[in-house]
Amino acid sequence: MAEPDVTIFICVSCTVDGNKSEKPGRALFDAVSSAIGDKPDCSTVVKPVDCLAVCKRPCTVALSGEGKWTYVVGDLDAATHADDVVAAALSYGATLNGIIPWKERPQCFRKGVISRVPPTSFRPEEQGL
């Protein structure tokens, strides 16, 4: 099986205000996994992560792909943003470098970006740095 174009990592240990019985990240993981499962031609996988260390901004996801910038996005809601996560992942997968133009990002991704991490193959000199 070929490597996926996109991996969606979803923190499943996030809680709301320290309430350990409420795990919105797990609900988001389930919703996104279901939505991706409904797209058999999609080269995207969804993986649970114990912690993305962004506890003050649950739910948090990271979009990652070989040779692409990784996005970390927080403040997501399982009930309303699962389709946005899938849409962002599909847009991300369609890029060469992982950078989704700002106007093409779902609204929650415009507001929720925590960081953008360069790929290990990043060459500063290619950007004139």
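What follows is calculated from the coordinates using simple rules that are stated; it is not laboratory data. Given the structure is predicted, the values throughout are model-derived calculations rather than measurements. Heads up, the Cβs are rebuilt from the backbone with ideal geometry, glycines too, and the neighbour counts pull from every protein chain shown.
Across the chain, Cα pairs under 8 Å and at least six residues apart give a relative contact order of 26 percent. Per-residue Cβ neighbour counts within 10 Å put I100, I36 in the sequence I36, I100, beginning with the fewest.
How big is D for the chain, in µm² s⁻¹ as a whole number, if Stokes-Einstein is applied with the Kirkwood radius of its Cα pairs at 10 °C and 1.306 mPa s?
On the way: Rh = 14.9 Å.
It comes out at roughly 107 µm²/s.
The Kirkwood hydrodynamic radius of segment 1-77, based on inverse pair distances between different Cα atoms, is 12.8 Å.
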